[in-house]
Amino acid sequence: PSILSYIPFITKINIIEVNINIDNFKKLEHLFKSENLFLNKNLSLVMVCNRMGLKQKIITATVKENTSNNWKSYLNGYRINYAVELIKTDFLVKYSILALGEKSGFNSSQSFFRAFKIRTGMSPAKYYKDWIASK
């Protein structure tokens, strides 16, 4: 079909919604980056919604649209990136891998290990060994 057949479906509302989602995502990113909110082990989508004054479906749609991830993957991405930064500051010289997961905002070692492997393709121990070897 030609582009003309899509014109009836293009509205100002769609354009406004995209801009609102981008603004909401920027606010969420700012909240995560400026306050390290993701380090809260008890952080939930409901807490973030209350903090931002938005409904859950708005935040989940905003995250999905801007990252192609669901809420949990988005949150775990921040936590794993933080864990990787801790590894690079020699955190594991003094502390255990379990402490690394806890410090990064995870409630359980299982969820930490699973999320770490999904994000990096390897276990935290393997990542640490590879990082040490590359120094």
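The values are calculated or read from the model by the stated rules, or taken from the named source; none is laboratory data. Keep in mind the model is a prediction, meaning the values are calculated, not measured. Positions of Cβ are generated from backbone atoms using ideal geometry, with glycine treated the same way; all protein chains shown enter the neighbour counts. Accessible surface is based on the protein model in full, side chains and every heavy atom, while ligands, DNA and RNA are left aside. Shrake-Rupley method; radii C 1.70, N 1.55, O 1.52, S 1.80 Å.
Across the range 58-79, not a single residue is classified as at pLDDT 95 or above and among the acidic types (Asp, Glu). If you check SER134, SER123 for being loosely packed, with under 12 Cβ neighbours inside 10 Å, within 14 Å of VAL84 (Cβ to Cβ) and not β-branched (Val, Ile, Thr), only one passes: SER134.
Here is a check on your reading of the model: is SER34 among the hydroxyl-bearing types (Ser, Thr, Tyr) and more than 16 Å from ALA115 (Cβ to Cβ)? Answer is yes for this residue. In the set (1) open to solvent by 30 Å² or more (accessible area, probe 1.4 Å); (2) touching a Cys at 6+ places or on another chain (Cβ under 9 Å); (3) touching a residue at least 24 places away in the same chain (Cβ under 8 Å), ILE59 fails one condition alone, (1).
Each row is one residue, and each column tells you yes or no for (1) in a loop (DSSP other than H, G, I, E, B); (2) of a type in the set (D, E, K, R).
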residue: LEU86; (1), (2): no, no
residue: VAL93; (1), (2): no, no
residue: ALA99; (1), (2): no, no
residue: PHE106; (1), (2): yes, no
residue: GLN110; (1), (2): no, no
residue: PHE113; (1), (2): no, no
residue: LYS117; (1), (2): no, yes
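Pull out all pairs, ordered by first then second residue, where Cβ-Cβ is under 6 Å, the residues are six or more apart or on different chains, the first lies in the range 14-41 and is of a type in the set (D, E, K, R), and the second is open to solvent by less than 70 Å² (accessible area, probe 1.4 Å) and at pLDDT 85 or above. Correct list of pairs: LYS41/GLY105. If we keep just the residues of the range 73-114 that are farther than 19 Å from LYS33 by Cβ and of a type in the set (Gly, Ala, Ser), which is least open to solvent (accessible area, probe 1.4 Å)? Filtering first and then ranking leaves GLY101.
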